[in-house]
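Asks: Pasting a structure here, questions to come.
The values are calculated or read from the model by the stated rules, or taken from the named source; none is laboratory data. The shown structure was predicted, so the numbers you read here are calculated from the model rather than taken from an experiment. Here Cβ is always computed from backbone atoms with ideal geometry, including for glycine, and neighbour counts include all displayed protein chains.
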Amino acid sequence: MKKYLLIFSILILAFVVRFYNFSNRVTFGPEQARSLVVSSEYINDKPSLLGQEYFRTNSLGQKLFTSAIFNYSLVPLIFIFKYQPLPITLYFAFLNIITAIVFYFVVKKIFNIKLAAISFTLFVFSYLMIYHSMFIWVLNYLPLVGILTFYLLYKVVKGKSSWKDIFLLGVLSGIGFGLEYLYVLTILIVLYVLFKYSKEKLKTLSVFLIGAVVGDLPQVLFDLKHNFYHLKTLWQYTLDTFRGVSDAGFTYYHFLHFWPLVILAISYLVYIVIQKNKHLGILLIVIYIIVNLNSSLINFNKPVGMSEGLNLTKLIKTSKIIAEKSSNNFNIVTLYDFDTRGYTLRYLTKYIFNKTPMGILDYPSSPEIFSLAENNYNFKGSVPWELTFLKPYNIEVIEKIGDDFSLYKITKK
């Protein structure tokens with residue numbers, strides 16, 4: 001009983017470190033806005049088999065796209081929460097907690113309750129997991145995919161798997177690949193384990209492949225209808241990478257599905273210490289928690305990854321002002337990060353306040369442009385392409401947004 005009370009107490013603390021001051025900590029940037037725009041277009045325009053642009057292009061000029069499975073997962077959330085980013089982000093924070101709970105039960109089933117409790121604790125207080133609870137992102141599903149894959153592979157190795165398990169491994173692999181193309185390396189590991197421990201290799205491969213097709217069905221159907229666009233584009237991008245002419249790079253989030261295993265390995269070391277010296281083991285856990293909560297990726301007062309002085313609340317306020325002050329023909333520019341086309345404000349203005357800006361290619365014909373920029377922004381200096389068409393222009397300060405930013409209205413003289 002005491003063990004379960006301890007787990008429940010840790011769970012409560014996990015909620016606190018994620019949901020304390022949540023509205024001021026949420027990160028809402030171009031990546032989050034573009035995801036919601038694509039999903040909203042499925043609702044308001046027409047459903048699509050094409051997912052979100054991947055910001056990667058091969059040497060032939062072909063763009064990579066993620067599978068539409070992620071964007072379709074956002075559709076019911078958009079319906080339920082009426083396009084509001086805050087509760088949609090809450091879903092991903094809850095997803096992280098659910099992932100931790102699944103992790104606990106998997107470790108408990110495979111090993112024991114003590115190691116499960118340690119793993120659960122280290123997972124929920126991991127700076128990466130807290131950080132990823134603060135924003136909408138396609139890769140936030142990967143830790144759960146990784147845990148479930150690990151459990152099913154365990155069943156395969158132990159000879160306890162069923163054909164349903166093989167099918168589910170295929171589904172998870174399809175989902176993983178649709179979310180992150182480098183998941184293909186994990187698929188190779190899964191196939192190796194399946195072939196090593198399977199007695200009916202052909203049937204196993206067939207069931208697995210059927211599952212994989214189901215897991216990434218939108219992308220498969222798109223390729224069948226469009227001459228294998230994704231496959232050909234990704235293959236060319238792979239060749240470009242080996243030739244050193246692509247913009248490919250590797251970072252931790254490409255392998256986020258392995259993070260639970262990293263936590264499990266650390267937990268096992270702590271478990272060994274606790275077996276020999278309980279007080280030392282507990283001290284190590286406390287130090288781990290303190291170090292993680294002091295990470296630069298965690299801030300309990302403001303968003304991590306947004307421009308200093310901005311948060312979701314201020315972006316919503318800005319969008320409301322734009323909707324109220326704009327004519328029927330207007331455009332939006334943001335001048336504080338790489339997203340000069342203002343996807344954050346575009347999404348909020350269009351879907352929250354029902355005022356649609358002109359398109360991202362319509363800047364040359366836009367009679368007025370609303371721009372969010374720092375108070376001291378130099379409009380007389382070098383400006384992005386989107387503003388050059390209004391030169392020479394009039395600049396009017398509409399309203400200050402917090403202490404550091406202002407909303408400007410820019411029109412041609």
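Asks: What about LEU269, is it in contact (Cβ under 8 Å) with a residue 24 or more places away in the chain and either surrounded by 15 or more Cβ atoms within 10 Å (Cβ to Cβ) or outside the structural domain of SER162 (by TED's automatic domain parsing) (or both)?
Replies: No; evaluated as a whole, the condition is false for this residue.
Asks: Tell me yes or no: at least one residue of the stretch 125-133 is surrounded by 21 or more Cβ atoms within 10 Å (Cβ to Cβ), of a type in the set (S, T, N, Q) and touching a strand residue (DSSP E or B) at 6+ places or on another chain (Cβ under 7 Å).
Replies: no
Asks: Moving to a separate point now. Looking only at the stretch 221-238, how many residues end up being without any contact (Cβ under 8 Å) to a residue 60 or more places away in the chain and under 22 Å from the mean Cα position of the chain (by Cα)?
Replies: 0
To keep it simple, each residue is scored yes or no on (1) surrounded by fewer than 13 Cβ atoms within 10 Å (Cβ to Cβ); (2) at pLDDT 95 or above; (3) outside the structural domain of ILE88 (by TED's automatic domain parsing); (4) in contact with a strand residue (DSSP E or B) (Cβ under 8 Å, 6 or more places away or on another chain).
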| site | (1), (2), (3), (4) |
| --- | --- |
| TYR347 | no, yes, yes, no |
| PHE353 | no, yes, yes, no |
| GLY381 | yes, no, yes, no |
| THR388 | yes, no, yes, no |
| TYR393 | no, no, yes, yes |
| GLY402 | no, no, yes, no |
| LEU407 | no, yes, yes, yes |
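Asks: Within the stretch 17-69, take every residue that is part of a loop (DSSP other than H, G, I, E, B) and small (Gly, Ala, Ser) and give me the one that is surrounded by the most Cβ atoms within 10 Å (Cβ to Cβ).
Replies: Here the residue is ALA68.
Asks: Of all residues in the stretch 198-220, which are within 27 Å of the chain's Cα centre (by Cα) and of a type in the set (D, E, K, R)?
Replies: ASP216
Asks: What number of residues in the stretch 73-103 are of a type outside the set (A, V, I, L, M, F, W, C), surrounded by fewer than 23 Cβ atoms within 10 Å (Cβ to Cβ) and more than 17 Å from LEU142 (Cβ to Cβ)?
Replies: The qualifying residues number 5.
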